[in-house]
Amino acid sequence: MKIYLKTYGCQMNERDSEALAGMLTARGHVIASCEEEADVMIFNTCSVRDQAERKAVGKVEFMKKYKQRNPALLIGIIGCMAERRGAELLADLPHVDFVLGTGKLHTLPDLVEKLASGRTRVAETGPNPDVLTGMGAHFRPEGAGGVLGQIAITRGCNRFCSYCIVPYVRGREISRAPEDILEEARTLTADGVREILLLGQNVAAYGLKGSTAAPAPEDSPFADLLAELAKISDLLRIRFTSPYPTYFNDRLIRTMAENPKICRNVHLPLQSGSDRILKLMNRQYTSDIYRSIVAKLRAVMPEITFSTDVIVGFPGETEEDFLMTRDLMNEVGFDQSFIFKYSPRPGARSAAEPDSVPQIVKEERDQILLADLAERTSLTMQELIGTRQEVLVEGVSRRMEDRWTGRTGGNRTVHFPPPGGCRPGELLTLRILKAGKVSLYGEAEQA
Ligand code: SF4
């Protein structure tokens, strides 16, 4: 069958879809490049924000016309919204054939084949002990695999931040076995991957068996896993996202510093710079603890860059709270920030509180932080002109045919004319000649 797979939301969802594509193609199915040619349409959804749900529902509604033209077409909704809304989606969208929650994604190939031969509408949700099954599958079409790979090392989350429904829709935290992850990394590397991004809702809690104690113990299995991965000779770079700030214990910081393959770029979700709001969010740190983690990382890796997530307009956020967030963001000097306007999610604890900050104020705060970020990024990029930067060569630039693209360990994109013999997957030192708003331009150093 030809299967069209559309993904919404975070990198974990992207990775789930890739694993599903790997499982489906291993059974002989084909991944369709567009909706028109599909026998089965699958929508892997996100539930983190109301807007993400509405976008997916709108798209699925639009697909009704395909079903009218081809009644044999199967349409399914999977992932976080499927888990949250379950059978209600079948009632609301009569042209949808199946709903499959996050705990049962690995049953998708069986389900699709069963429904294709005898049609009944089904909604399957709820926790599942086999949730890790199939997480190691990959979809790397021949010749298009690329040098970047992703490995999900945990599922679920135990932190219960008050605004977040991930622990409810993705379940409690569970880690994969280190030998499975190392084997997967070796297989990807043998297939040409040179940089691996480790994924998890709280990736640094890897191997802690669901313990919420933070900082993580000094014998952190996550630090051990990073050190073992760094021993794979053809693997040149390791990244990970997202670590909950307080899991950065001294051992993890030391392991990073000792292994130059672990990229000097950390996504460290801040959410708010106000201790009062952090407490209401059930985040287990204060602004000073956050500052001290940044300082410790910078002390041993001065070149490290940071990105973050921030929420504006959380219930009760005053102008003063917002200014604390703004000040802390400027103080840390993030390279990149994902700024979200708060929206209550049914089921999350904060949804019981009035959504007290007016939308217009959320918009204003969002714009202020975005403007700060643009100004800061522009200055940082300008300062890089004239420096030498090592990039991992990724291949031809998507924007300029005569340029190639690479990324620095600090996660900055650089475009450059490829020197003779240059190949994707190698490390190349570039001299930076020019800076744009979001990327740099350079040329290879003469040997
Ligand atoms: S750490 Fe908090 S924000 Fe992140 S997934 Fe877990 S509950 Fe949600």
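Take residue 248 and tell me if it is in contact with a Phe, Trp or Tyr (Cβ under 7 Å, 6 or more places away or on another chain) and not assigned by TED's automatic domain parsing to the domain that holds residue 282. It would help to see each step written out before you state the result.
Details: in contact with a Phe, Trp or Tyr (Cβ under 7 Å, 6 or more places away or on another chain): no; not assigned by TED's automatic domain parsing to the domain that holds residue 282: yes.
No; evaluated as a whole, the condition is false for this residue.
Mind checking which residues of the stretch 187-228 are within 17 Å of residue 11 (Cα to Cα) and more than 16 Å from the ligand (Cβ to nearest atom)?
Scanning the stretch 187-228 gives 195, 196, 197.
Can you give me the ranges of the strands (runs of 3 or more DSSP E) entirely in the stretch 352-427 with at least 2 residues that are among the basic types (Lys, Arg)? Explain how you work it out, then say what you get.
On the way: elements: 388-396, 404-408, 413-416.
Filter on the stretch 352-427 gives an empty set.
Check every one of the helices (runs of 4 or more DSSP H) wholly within the stretch 44-120 and list those with 3 or more residues that are charged (D, E, K, R) and under 24 Å from the mean Cα position of the chain (by Cα). Let's see the steps before the verdict.
Values: elements: 50-62, 64-69, 80-85, 87-92, 108-117.
Helices (runs of 4 or more DSSP H) meeting the threshold: 50-62, 80-85.
Could you tell me whether residue 18 is closer than 19 Å to residue 171 by Cβ and buried (at least 18 other Cβ atoms within 10 Å of the Cβ)?
Details: closer than 19 Å to residue 171 by Cβ: no; buried (at least 18 other Cβ atoms within 10 Å of the Cβ): yes.
It is false that residue 18 is closer than 19 Å to residue 171 by Cβ and buried (at least 18 other Cβ atoms within 10 Å of the Cβ).
With respect to residue 153, determine if the residue is among the β-branched types (Val, Ile, Thr), touching a Ser or Thr at 6+ places or on another chain (Cβ under 9 Å) and closer than 16 Å to residue 222 by Cβ.
Numbers: among the β-branched types (Val, Ile, Thr): yes; touching a Ser or Thr at 6+ places or on another chain (Cβ under 9 Å): yes; closer than 16 Å to residue 222 by Cβ: yes.
Answer is yes for this residue.
Within the bounds of the stretch 280-289, is there any residue that is touching a Phe, Trp or Tyr at 6+ places or on another chain (Cβ under 9 Å) and among the hydroxyl-bearing types (Ser, Thr, Tyr)? Lay out the reasoning, then the answer.
Residues of the stretch 280-289 that are touching a Phe, Trp or Tyr at 6+ places or on another chain (Cβ under 9 Å), as a first pass: 280-285.
Now narrow it down to the ones that are among the hydroxyl-bearing types (Ser, Thr, Tyr): 285.
Looking for residues that are touching a Phe, Trp or Tyr at 6+ places or on another chain (Cβ under 9 Å) and among the hydroxyl-bearing types (Ser, Thr, Tyr), one finds at least one in the stretch 280-289, hence yes.
Among the residues of the stretch 168-186 satisfying the criterion of being hydrophobic (A, V, I, L, M, F, W, C) and part of a helix (DSSP H, G or I), which is nearest to the ligand (Cβ to nearest atom)?
169
Among the candidates 251, 172, 186, which residue alone is basic (Lys, Arg), surrounded by fewer than 22 Cβ atoms within 10 Å (Cβ to Cβ) and under 30 Å from residue 315 (Cα atoms)?
172
Any idea which residue in the stretch 254-303 is surrounded by the most Cβ atoms within 10 Å (Cβ to Cβ), counting only those that are among the hydroxyl-bearing types (Ser, Thr, Tyr) and more than 15 Å from the ligand (Cβ to nearest atom)? Break it down stepwise before answering.
Going residue by residue through the stretch 254-303, those that are among the hydroxyl-bearing types (Ser, Thr, Tyr) are 255, 272, 274, 285-287, 290, 292.
Subsequent filtering for residues that are more than 15 Å from the ligand (Cβ to nearest atom) retains 255, 274, 286-287, 292.
Values: 255: 19, 274: 24, 286: 15, 287: 19, 292: 14.
By that ranking, first place goes to 274.
The values are calculated or read from the model by the stated rules, or taken from the named source; none is laboratory data. In this text the structure is predicted, and so the values were computed from the model without any measurement. Virtual Cβ from ideal backbone geometry, glycine too; neighbours counted across all protein chains shown.
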